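The values are calculated or read from the model by the stated rules, or taken from the named source; none is laboratory data. Fair warning: this is a prediction, and the values are worked out from it, not measured in the lab. Backbone-built Cβ (ideal geometry, glycine too); neighbour counts: all protein chains shown.
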Amino acid sequence: MKIEKLSVCPEDGEQFEFSFGQGLCTIYDQDSERLKKLIDSLKQVFHYSYTDHKEEINNDMQQIYAVLYDDDDNKLGLKRRGDSVEVELLLSSGANEESLVCDSNIAQPFLKCNYCGQIGYSSLLFVPESLENDCTLKWSFFDEYVKQEDGGVVLSVDSDFLISHNGGVIKDAKKLLEKDIERLGPDEQKGYLKELKDFKNTLESQMKMYSVGNTYKDDLEDKCIWLKERITFLQSRMNSIKQVLNIGNEKEKLTEELKVMKSLLQKDMRRKKDAETLNITLCEHKEKLSSFQGGEQAYMPQILSEAKNLSNALNGLDRQLEDRDRTHKMAINELANMRNELVLINNELQNTECTMYSDDYVMNVEAVMANLRKHQDQISKLESSLVKHKSLISKIRISRIFTVLGLILMACSAVFGANEEFGFLNRSGFGQIFFIQSHWMMLFMSLSGVLMTLFGFLGIRKISGKVNKFNNMMKEKTVLLGQLAWDKNKLTSLLKDKTYEEYMEQYNNMAILRETKLNMEFSIDKLEREISKLDNELNLIKVRIKRSKERLYHILRPSGSVSVERYIQVYEEYRRQAVITNEISNKMKIILEGKPLSYLNGQIDDMISRLSMMEAKIERMDKDVINENLEDLKEEYELKQMELMSLKNELEERERDLNVISYDAEKIDVWEIASDLAETNIEIDNVKKTSEAIKIAITGFSNMIKDATICLGGEISSLANDILKFMLGEDDTRISYRIVGNRMEFTSNSIKPAEEDFFLKSLAVYLAVNEVTCARGTSPILCILPEIFLKIGAIERSNLKRFKTVCESIKIKDALKKLAKTRQVIWIINEGILNLIDEDSEQKLIAIA
Amino acid sequence: LSVIKILHTSNICLDHVLTDYHKGVRKDKRIELLESFDFIVNKAIQLEVNALLIAGGIISAGSVSLSTLDRIKAGFSRLTEKGIHVIAVPGCSDEKSDISILKELFSNKFMCFFSDEKWSVYQDIEGVNIYGIRSTFNRKNDNCLKDLVVGSDKVEIGILYGTFYQTPVTTKISPITSQDLIKSNLDYLALGHYENVVNCSVGKNICWYSGSPVHYSFNTFGERHVLLVSFKGKDAKVSRIKVPSRLQRVVHMDLNGKSFAQISQYVKRMTNTQLCLRVELDGVWNPVNAQLAKDLEDMLCDEFFHFEVCDNTLFEYTENILNFYEGRKSKDRDSGKKRGHDLSQIFLGKVQYTDNEQIDNYSYCTNKTGTDNELNIMASKLGLIALREVYEHENRKVVSMS
C-alpha cells in the first residue's frame, strides 16, 4: 500500500499538494504553518481512532484528498472533511483512470479493522513529542493505544486493545457476566439480591411480629394473671389494714362521741328541769281552762264566727220576713178585686151569649156576606157591560136591514134590466124616461144594493160575535141574580132580625168582653202564682229563722250562754286563758323538742346506758389497738393503695394491649408470610449460587485474558525483534515485554539506548503491534519531524542538536531505507532542521504547492 | 373376638409452605390439604374406627395459621364426639421452638399426644396398648425403637416418626432396623416420615409407612392413601384407602438428540389444566439449549395447573486444550466459529481447574465438595452462554453491516 498524492484544500487558504513515490520520501517545507495544516489534514485522513476515542480536530473545514494504492496496486481515492463527513473512496476504473465515488461500505475490506471495527485507513504516523534534559527523545503516536513512557520503555500498549483484537470475545463475555453479577447484586447491598434480602427482612419482621406478638400475647396473659393475683393480694391486705385502722378510727370516733353524748346528757338534764317547772304552770292554766263550760270545743274561733254570722243572719231574716208579709197581703187584696171584676164580665158574657155569636157562626155569616157582595159586584159589572152592548142590537138590526135592502135593490135592478131585454111593450115617454131613468136606476140600485148588502153583511159579520157575547152575559146575569137572591135568603136566615152591620157590631162587643175576660184570668193566675211564691218565701224565711235560732242555740248551749253577746264575752276570756296555756305549752315543746317529757326521761336513761357501753367498748379497744402502730399501718395502707392503683392501671393497659394483639393476630395469615419467606430463601440461595457460579466463570475468563496477554506480549516482542533484525542487520538487540497494570510495556535490553536506536526500536514495536492487532500489511510510515512539535525552550536550545542527530542519523536512514523496500516511508521535516536535507535521499522535495 | 380398627396416616403437614408450587396455585393447594384432612376425619367416622393414628407431620408448625388450627380442632372434636381416639407423635414439621401448639390441640378427652422422649403407653382403648415417643427433637439420631420391648395379651401398637432401614429419604430421623422391629414384639408399628406408602413388615411384625395423604411437594408419587389396620385378635390386616387428590407427575426427558419442537410436542401431549407436572431434563447440556427450560415454561405454563421444568442436564469437560497459547497456535484464527469453539474449550478448561478459593471475598464454599463441582458446572454453563451471546451479537452486527 502506498500514498501517491496528498492535496490539502484549506477553507480560507491556498490549496497545496504533495506527491510521493515508492521507497523513502522526504518532504521539506519552510512554512511551518503550512506544514501544520498538512499534518492536521493528515490526521484526518490517516488516523484511525482507537475504540471510543474522539479526537478533536481544529481545522475541520479544510479538505484533504489523498490518492492511495493498495497492496494489489489498485488505486484508491480518499477524501475526508472532518469527523462529521463519511469517508469517500474513489476507486480507479482502469485505463482512463476515472475515479468512481464509492461509499464507505465498499471500502470496508480495506479500511475496517476486523476486531476493533473502526473505519479509517491508517499509516503509521508519529511525531516527536518532547526532548528534555537527560531524557530520550519521545515520540507521539496518533494511534492512541501506543505511547512512550519513562524508564526506558520503548513502547507501551494498552492490554485491552491487544485483547480486543486477540480475545475480545472473552472480554465481552466477561463483561456480560459482570453485568449479570451487578444485576444480581454482588454483595447483598444492591441489585436483585438486595431486593430479595429486603423482602426477606420484611417477611421475617412480619413473622417475628407474629411470633413476638404471640410470645408477647402469652407474656401479656401471664402478666395479666400475675397482676390480678397481686391486686387480689393487695386488696386482701388492705382490707386487713383497713379493719385495724377502722378500729382505731372507731375508738377516736367513740371517744369524741362519748364527749358529745356527755354534754348532750347534761343539756337534757337541764331541759328536763325546765320542762318540769313549766309543766306545773301549764297544769294550773289547764285547770282554769277546763273550768269553762263546754271546754275547748265550745270556744273555737269557728264557733264564734258562726255565732256572729247566725246573729247577723237572724236580723236580716226578720227584716225580710216583714217585707214579704207586707207584699203578700197587698197581692191578696188585688187578687180579690180582679176576681170580682171577672165575675161581672162573666155575667155579661153569659147574658149575651148565643150561638149566633160563635166564631163559626160569624164565619158562616161573613162567608155568605162575602158571596153576596161578590155576586153583587159581578152583576153590576155585567150590567155595565150590557149597557155597552145594547147599541149593538140596533147596529145589527141596521145591518140586517141594509142587507135585505141591498138584496132587494139588487133584485129590483135585475128586474129593470130584464124588462128592457125582453122589451117593454110600451116604451112610452115615461117609459122612455123611465127606461132611460131605469137604466141609471138599475145601475144605481144595483150598486146601492151591492153596497148595502155588503155593508149589512159586513156589519152582521162584525157584530154577530159581540151579540153572542151579549147573550151569554145576559144568561150569566140571570144566573148571578139567582145566586144573589139565594145569598140574601141565607143571610136573612142567619141574621134573623138583624142587619149584617148590627150583627157584626154585636159580635165585636162580645169579642172585646171575651178578651178582657182572658186578660183578667191571666192576671189573676199570675197574681195567684206570685202570692204562692210569696207564701213560699215567707215559709222559707221562717224556716231559716227557725233553723238559725236552733243552730245558735245548739252552738251556744255548750258554753251555757244565752245570747251571742254573752258568748262573745266568755269566748274572749277563754281564748286569753288558752293563749297563755298555749304559750306555756309551746315553751315546753321547745324544751322537749316536740317530744313528751317521758321521752326525754327515756332518752336520758338510754344515753346513760349507751355512755356506759361506749366507755366499756373504748376500754376494750384500748386493749386491741396500739396507737403507735396505727401510723405505720396508715403508711402501709397508703403505699398499698398507690400500688393497687398503679397495678389496676397497668392491668387495664395490658388487657387493652392483649385485645389489640389478639385482634392483630387474627388478621395475619401466617401461612402466606411463611410461604413467601420460604420461597424467598430458596430464591436467595439460588441467586447466591448463581452469583458464585458467575464469579467462577469470570475468574475463568480473567485467567484466559491473562494468558492471552502474555501470549501476545511474546508474539509482539518476537516480531519486533525480527523487524529490528531486518532493519539493522544485527542480532544483538533484544526487545522484551512486561505487563504493568493494564498496559504491556516493551523494553530494550540496553540500559540506556541511543536516541536513534530508541526510535528504531519504537518503530519496530509499533510495526509489530500493528501487525498483531489490525494487521494492515504494508502500511506506509509517516514520520513527521518538524521542530514545532518539540517542547524546546530557548534554554534547551542545545538539545536541538540531539534532535538533529536523530534526523541526520545514518543508522536511521539505513534502517529506513531497508524498511522502505517493504513499504512506503515518508519523512516530513521543516526548515528548522536544514541539515537534514540529505543528498542521499532518493527523492528530495517533490512538490510544494 | 371384636375387631379393632385403626386408621393410620402421617405427613399431612397442614399449612405447608408449598414452595414446590408456583405462588399462584399455592392457596388452592393449601385448601386441598385441608380438604384431605377433613376427608380423613370423615372416613374415620364413616368406618367407625377405634382410633386415628397420626405418625407425625400433622402441621407445618412454622407456618400454621390460627384458622387452620381451628379447623384441626373442629375435626378432632368431631372424632372425639364419636368416641374415636386421636393419637399422634410429633414429626419434624410439627417441631418449631416447642410443640406447645400440638399439646394444646390434643388437650381434650380421647386424645393422646406423645410428647415425651421416652416411650409412653396409651391404654384408654379396651384391649389395645398404643406406645409412642417423641423421636424428633433430641432423639432424632437415636434408635428409639431399640428401647421398646412389649409383650401382653392386648394388641400392641407402636407409633413412631422415623426412618426405616433403606428408606429413600434425604434426612434420616431415628433410624429403625428390622431387628429392632422383631425385638419390639409389636403387633403393628405405624410409621411416619416417608411420604409414600411402604410395607416394612418383617415376618409377623407388621410395619407400614402410611405415606402422606396429600401432595405437598414433588417428593410424593402416585395416588395418596391412608391405611386401615384391622385387628382380629393380635393379627393385623392392612388395607389402603384412597384419598382423593390432584394429579401430579414428574417426567424425565433426555435432551440428547431432541429438538425443542420434539420436546415441547411431547409435553403438550400431557396437557391437563388440573395436572401438576414437573419435567426434569436429563442428558448432556448444550449452550444451544440454555434457555430451553425457560422457553418451555413460558410456552406451556397455562396448559397445566402447575408446570415447571428442572434442568438436571450433565456437563462434559474436554480437557485436551487448557491454555490459550496452544489453542491459538493450533487453530485457524480466521474461522470465527472454530475460534469460538476453541475459546469455549479453553474456558471450560479454566473453569474446571479454577480453585474456588481464588475467588475473592464473595466465596462462601470453602471446601472442594459436590457443591463446588455443581458450582463449576453452573459456572461453565453460564460462561458458555455468555460466549454464545457475544458471538451471536457479533455475527448479528456483521450481518447487519453487510
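Conditions (1) assigned to a helix (DSSP H, G or I); (2) farther than 30 Å from B:Ile40 by Cβ; (3) modelled with pLDDT of 75 or more, marked per residue:
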{"site": "B:Arg249", "(1), (2), (3)": "no, no, yes"}
{"site": "B:Ala261", "(1), (2), (3)": "yes, yes, yes"}
{"site": "B:Leu281", "(1), (2), (3)": "no, yes, yes"}
{"site": "B:Phe305", "(1), (2), (3)": "no, no, yes"}
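Can you spot a residue in the stretch A:192-208 that is within 60 Å of the chain's Cα centre (by Cα), of a type in the set (Lys, Arg), part of a helix (DSSP H, G or I) and within 13 Å of chain B (Cβ to nearest Cβ)? Yes, the conditions are met somewhere in the stretch A:192-208. Is it the case, given these coordinates, that A:Gln350 is polar (S, T, N, Q) and either under 30 Å from A:Ile555 (Cβ atoms) or not in a helix (DSSP H, G or I) (or both)? Taking the combined requirement at face value, the residue does not satisfy it. Each residue in the stretch B:155-182 was checked for being surrounded by fewer than 18 Cβ atoms within 10 Å (Cβ to Cβ) and without any contact (Cβ under 8 Å) to a residue 60 or more places away in the chain, and 11 pass. Within the stretch A:354-382, the set of residues being loosely packed, with under 13 Cβ neighbours inside 10 Å, farther than 19 Å from A:Trp486 by Cβ and modelled with pLDDT of 80 or more comprises A:Asp360 only. With respect to the stated conditions, B:Arg71 is without any contact (Cβ under 8 Å) to a residue 60 or more places away in the chain, surrounded by fewer than 18 Cβ atoms within 10 Å (Cβ to Cβ), within 14 Å of chain A (Cβ to nearest Cβ) and touching a Leu at 6+ places or on another chain (Cβ under 9 Å). Filtered by the rule that a residue be more than 9 Å from chain B (Cβ to nearest Cβ) and free of Cβ contacts under 8 Å to residues at least 60 places away in the same chain, the stretch A:659-688 gives A:Asn659, A:Val660, A:Tyr663, A:Lys667, A:Asp685, A:Asn686. Residues that are farther than 11 Å from A:Leu597 by Cα, of a type outside the set (S, T, N, Q) and surrounded by 12 or more Cβ atoms within 10 Å (Cβ to Cβ) within the stretch A:254-268 comprise A:Leu254, A:Glu257, A:Leu258, A:Met261, A:Lys262, A:Leu264, A:Leu265, listed in sequence order. Taking each residue of the stretch B:126-141 that is at positive phi and looking for partners that are part of a strand (DSSP E or B) and surrounded by 18 or more Cβ atoms within 10 Å (Cβ to Cβ) with beta-carbon atoms closer than 7 Å, six or more apart or interchain, yields B:Gly127/B:Ile4; B:Gly127/B:Val155.
Of everything listed in (1) over 60 Å from the mean Cα position of the chain (by Cα); (2) aromatic (Phe, Trp, Tyr); (3) more than 14 Å from chain B (Cβ to nearest Cβ), the single unmet condition for A:Tyr637 is (1).
For the stretch A:565-580, the condition holds for at least one residue, the condition being that it is at pLDDT 85 or above, part of a helix (DSSP H, G or I) and closer than 30 Å to A:Ile604 by Cβ.
Every residue, every condition in (1) out of contact with any Lys or Arg (no Cβ under 7 Å at 6 or more places or on another chain); (2) acidic (Asp, Glu); (3) not in a helix (DSSP H, G or I), yes or no:
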residue: A:Glu619; (1), (2), (3): yes, yes, no
residue: A:Ser646; (1), (2), (3): yes, no, no
residue: A:Asn649; (1), (2), (3): yes, no, no
residue: A:Ser675; (1), (2), (3): no, no, no
residue: A:Val687; (1), (2), (3): yes, no, no
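So that you can scan it fast, the table gives a plain yes or no per residue for (1) away from chain B (no Cβ under 14 Å); (2) at pLDDT 80 or above:
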{"residue": "A:Ile705", "(1), (2)": "no, yes"}
{"residue": "A:Ala720", "(1), (2)": "yes, yes"}
{"residue": "A:Arg734", "(1), (2)": "yes, no"}
{"residue": "A:Arg738", "(1), (2)": "yes, yes"}
{"residue": "A:Ser748", "(1), (2)": "yes, no"}
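Report, by residue number, each residue of the stretch A:452-467 that is surrounded by 15 or more Cβ atoms within 10 Å (Cβ to Cβ) and touching a Ser or Thr at 6+ places or on another chain (Cβ under 8 Å). Residues satisfying the conditions are A:Met452, A:Thr453, A:Phe455, A:Gly456, A:Phe457, A:Gly459, A:Ile460, A:Ile463. Is it true that A:Glu229 is more than 12 Å from chain B (Cβ to nearest Cβ), without any contact (Cβ under 8 Å) to a residue 40 or more places away in the chain, in contact with a Gly (Cβ under 8 Å, 6 or more places away or on another chain) and not aromatic (Phe, Trp, Tyr)? The answer is no for A:Glu229.
Among the candidates A:Gly295, A:Gly248, the residue that is at positive phi and out of contact with any Ser or Thr (no Cβ under 7 Å at 6 or more places or on another chain) is uniquely A:Gly295. Among the residues of the stretch B:156-184, what is the count of those that are farther than 15 Å from B:Asn143 by Cβ, in contact with an Asp or Glu (Cβ under 7 Å, 6 or more places away or on another chain) and not acidic (Asp, Glu)? Residues that pass the stated criteria total 1. In the stretch B:42-66, the residue that is farthest from the other protein chains (Cβ to nearest Cβ) out of those that are more than 14 Å from B:Ile87 (Cβ to Cβ) and of a type in the set (Val, Ile, Thr) is B:Ile45.
Scan the stretch A:209-223 for residues that are surrounded by 15 or more Cβ atoms within 10 Å (Cβ to Cβ), under 45 Å from the mean Cα position of the chain (by Cα) and not aliphatic (A, V, I, L, M) and the total you get is 7.
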